[in-house]
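Report on the following structure.
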Amino acid sequence: MSTVLIEPVARLIEAFARLPGIGPKTAQRLTYHLLRAPDAEARSLAVALIAVRDEVVFCERCFNISDAPLCPICRDPARDASRLCVVEEPLDVLALERTAEFRGLYHVLHGAISPIDGIGPERLKIRELLERADHAARDGEPLAEVILATNPTLEGEATAMYLAERLDGVAGSVTRIARGLPVGGDLEDADEVTLIRALQGRRSIA
């Protein structure tokens with residue numbers, strides 16, 4: 001960082017630049033926006049950032065973001081516990097919930113299998129997913145359906161195929177969301193109609 005910048009400004013630019021999707025120029029624009037913004041706006045952002053770290057946790061069951069040991073979806077007795085939708089990230093849960101099409105439960109993997117990036121199954125929440133399915137079967141209430149809603153990328157497809165093999169015989173059926181989603185796209189960027197069609201057109205994998 002240029003020595004022309006004083007340390008607090010340089011540190012904030014560097015912090016913004018480390019965020020995904022934020023390049024150096026955008027980091028600089030965000031920093032100078034905060035410098036010009038009213039004091040209350042900057043302090044409100046700081047308080048929100050601290051609150052996210054101090055008050056937000058991951059659900060002990062599905063690993064979605066939560067403010068308690070179990071997230072609101074896992075705590076909701078009206079959800080269909082026999083159907084489980086597997087997604088890569090918490091943002092994917094938000095995208096699917098906007099459609100109001102799926103009323104089951106979720107499992108968030110926190111990523112996808114990507115050997116080129118050194119991400120194997122052990123670095124994701126796959127073991128926990130398989131344990132959920134095994135426990136349900138042992139309790140006499142096996143999952144009727146597991147929907148694999150990983151992103152339609154090479155990594156997402158590889159993850160879906162891996163999970164389909166591991167879940168075969170454990171769940172009633174293992175389905176994959178339909179190709180209503182563009183290859184290479186992310187769930188969080190899809191509109192509600194596309195997501196609804198993808199859910200409705202899911203197909204059996206196993």
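The values are calculated or read from the model by the stated rules, or taken from the named source; none is laboratory data. It should be emphasised that the depicted structure is a prediction, and the values quoted were computed from it without experimental measurement. Backbone-built Cβ (ideal geometry, glycine too); neighbour counts: all protein chains shown. We work out accessible area using only protein heavy atoms, side chains counted, and drop any ligands, DNA or RNA first. Shrake-Rupley method; radii C 1.70, N 1.55, O 1.52, S 1.80 Å.
How large is the dipole of segment 43-106 about the Cα centre if only Lys and Arg carry +1 and Asp and Glu carry -1, each at its Cβ, rounded to the nearest 20 debye?
120 debye
Compute the length gained on full extension between L94 and E55: take 0.36 nm times their separation in residues and subtract their Cα-Cα distance, giving the result in nm to one decimal. Don't skip to the end; give the middle numbers.
Numbers: separation 39, 0.36 × 39 = 14.04 nm, distance 1.89 nm.
Length gained, L94 through E55: 12.2 nm.
In this rough spin-label picture, where each label sits 7 Å from Cα along the Cβ direction, the L19-D80 distance is 3.8 nm.
Work out the length of the dipole vector of the chain about its Cα centre, built from +1 on the beta-carbon of each Lys and Arg and -1 on the beta-carbon of each Asp and Glu, and round it to the nearest 20 debye. Kindly include the intermediate steps, with their values, before the conclusion.
Working: 24 positive and 32 negative charges, 53 e Å.
Its charge dipole is roughly 260 debye.
Per-residue SASA remark: Y32, around 90 Å² accessible (1.4 Å probe; ligands, DNA and RNA not included). Per-residue 3J(HN,Hα) values for segment 198-205, derived from phi via the Karplus relation 6.51 cos²θ - 1.76 cosθ + 1.60 with θ = phi - 60°, read 5, 5, 5, x, 4, 10, 6, 9 Hz in sequence order (x marks Gly and Pro). Between R53, R176, R127, the residue with the greatest mean-square fluctuation in the GNM of the chain (Cα pairs under 10 Å linked by springs) is R53. Expressed per residue, the C-alpha convex hull volume of segment 147-190 stands at 62 Å³. The heavy atoms of E155 present about 70 square angstrom of accessible area, all protein chains included, probe 1.4 Å.
Computed over the chain, the P(r) tail beyond 26 angstrom holds 44 percent of alpha carbon pairs. Couplings for segment 5-11, taken from phi via the Karplus curve 6.51 cos²θ - 1.76 cosθ + 1.60 with θ = phi - 60°, read 7, 6, 4, x, 5, 4, 5 Hz in order; Gly and Pro are left as x.
What number does segment 47-137 give for Rg over Rh if you use C-alpha atoms and the Kirkwood radius?
Working: Rg = 14.0 Å, Rh = 14.2 Å.
Answer for segment 47-137: 0.99.
Among beta bridges identified by DSSP and lying wholly in the chain, the antiparallel ones come to about 30 percent.
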